[in-house]
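Structure, as structure tokens:
The numbers here are math on the coordinates, done by the rules we state, and not lab data. The model shown is predicted, which means the values in this text are computed figures rather than measured ones. We place every Cβ from the backbone using ideal geometry, glycine too, and count neighbours over all the protein chains shown.
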Amino acid sequence: MLFPKFHIDEVKKQEARDLTRFDLDYDLPDHFLPEFPPPMFLTTRPDLGDVSQGKLVTMDNFQELLGGVLNPKQLEGLRLLVAPVMQQQFNQTDDRRSARPSRGVTCFDCHANGHTNAATHLAGDVRPQEFRHRIDTPSLRGVNIQRLFGSQRALKSVEDFTEFEQRAAYFDGDPTLATKKGVSILERGSQVHFMAEFQALLDFPPAPKLNVFGKLDPKQASESELRGQTLFFGKAQCGTCHPAPYYTDNLMHNLKVERFFKPQTIHGRMATADGPIKTFPLRGIKDSPPYLHDGRLMTLDDTVEFFSLILELKLTADEKADLVAFLRVL
């Protein structure tokens, strides 16, 4: 796990936990990363707007911020999501990646306020090392409408994913190292269930220009946004995999990007076929840079250009601009 400096600084200030790694530095400029701290919206209390009140939700303040908003079970689920646990790089053993022993990481260290801080890690289920894929942390917003979890693993419930992350991904899929470093096994019927119940409350940000069907209200949308919507469901074929209202088909697709290059090693990583990747929801997509499952695309403009190339759409410059305008209102 690799964290942006602004997140490391905030966690250090609130909890005195140091998530700095001595072997790696974060490699994406701040202006390509999501807003921090991101707002948190709940499906149960849309009237409250941002329930995080502009703060990073941590063990230090979660009771103060959400004690009167969540029921006791949901609040316990949130507590578990902000409670530090041992992990491959951050732990008490001598082979950690921090200068001093660490209390570990929390789920919300990467999924800041139930969203994302664009932290990255290497997929634990691929070997050898150079074939391990770089994974960008997805937002947890809208998990209640999703049916697949994990960019490639196709886990069937958020409970499965919650349990899998701590048992496997946190320790690179090595149960021996996990035991050595201090894995804390979650109890499925209470802890995992409570965490999943809270995660299911995390809502997409408001989209005032969309109607109840998830399409643009012509009275509020601009001409460019309307043209972008027509392209999205037409020539650009985005709607094939990203249908309204949440802009996901809850399936996996193989883009076969390897059609356009020969496998090669770049900075110690083998660029090769990705295989099937889950369709992520596009609601609120403007708040989740960088893009694609591995963060290879910095902006929405880059993303539209990428799909125009690999799907051989031959979009014009004006069409690309209209598509980006539409994506920004989702």
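Taking the Cβ of Pro281 as the centre, find all other residues whose Cβ is under 14 Å away and add up their charges (Lys, Arg: +1; Asp, Glu: -1).
+2
May I ask which residue of Pro243, Leu255, Gly182 lies farthest towards the positive end of the charge dipole of region 172-260, with charges of +1 (Lys, Arg) and -1 (Asp, Glu) on Cβ and the Cα centre as origin?
Farthest towards the positive end: Leu255.
So how strong a dipole does region 128-269 carry about its Cα centre when Lys and Arg Cβ are +1 and Asp and Glu Cβ are -1, to the nearest 20 debye?
That gives region 128-269 a dipole magnitude of about 500 debye.
Identify, among Gln14, Leu42, Cys107, the residue whose Cα sits farthest towards the positive end of the charge dipole of region 5-199, taking +1 on the Cβ of Lys and Arg and -1 on the Cβ of Asp and Glu, with the dipole about the Cα centre.
Toward the positive end, the furthest listed residue is Cys107.
As an exercise, find the ratio Rg/Rh for region 172-243 from alpha-carbon atoms, using the Kirkwood inverse-distance average for Rh.
Rg/Rh for region 172-243 comes to 1.30.
Given bins 10 angstrom wide, list per bin the percent of all Cα-Cα distances in the chain, short to long.
Final binned percentages: 5, 25, 34, 24, 10, 1, 0.
Which listed residue (Pro208, Pro128, Val143) has the Cα farthest towards the positive end of the charge dipole for the chain, taking +1 on Lys and Arg C-beta and -1 on Asp and Glu C-beta about the Cα centre?
Of Pro208, Pro128, Val143, it is Pro128.
Give me the percent relative contact order of region 1-115, please, defined on Cα pairs under 8 angstrom at least 6 residues apart.
27 percent
Once Rh is set to the Kirkwood radius over Cα pairs, what Stokes-Einstein translational diffusion coefficient, in µm²/s, holds for region 136-199 at a temperature of 37 °C and a viscosity of 0.692 mPa s?
Approximately 261 µm²/s, per Stokes-Einstein.
Taking the alpha-carbon distance from Lys5 and a cut-off under 21 Å, which lysines remain once sequence neighbours fewer than 8 residues away in the same chain are dropped?
Lys13, Lys55
Out of the trypsin sites (Lys or Arg not before Pro) in region 201-267, which ones are loop residues according to DSSP with at most 16 other C-beta atoms within 10 Å?
Lys215, Lys219, Lys235, Lys256
Net charge around Lys55, counting only other residues with Cβ within less than 10 Å of its Cβ (Lys, Arg = +1; Asp, Glu = -1)?
With Lys, Arg at +1 and Asp, Glu at -1, the neighbours total -4.
Would you work out the relative contact order for the chain, in percent, from Cα pairs under 8 angstrom that are 6 or more residues apart?
Relative contact order of the chain: 17 percent.
Relative to the longest principal axis of the C-alpha atoms of the chain, give the angle of the C-alpha long axis of helix 317-327, reported between 0 and 90° and rounded to the nearest 10°.
With rounding to tens, the tilt is 50 degrees.
With charges set only on the Cβ (+1 for Lys and Arg, -1 for Asp and Glu), what does the dipole of the chain come to about its Cα centre, in debye to the nearest 20?
So the magnitude is around 460 debye.
Distance between the C-alpha centers of region 132-178 and region 47-85? Whole Å please.
Comparing the Cα centres of region 132-178 and region 47-85, I get a distance of 22 Å.
Determine the equivalent ellipsoid of region 214-277 by diagonalising the alpha-carbon gyration tensor, then write out the semi-axes as square roots of 5 times the eigenvalues, largest first, rounded to whole Å.
Value: 34, 14, 10 Å, ordered largest first.
On a 0 to 90° scale, report how tilted helix 72-81 is relative to the longest principal axis of the chain, with both axes built from alpha carbons and the result rounded to the nearest 10.
90 degrees
For region 256-330, with equal point scatterers placed on the C-alpha atoms only and solvent neglected, what are the log10 I(q)/I(0) values from the Debye formula at q = 0.14, 0.17, 0.20 1/Å, to two decimals?
The computed values of log10 I(q)/I(0) come out as -0.53, -0.76, -1.00.
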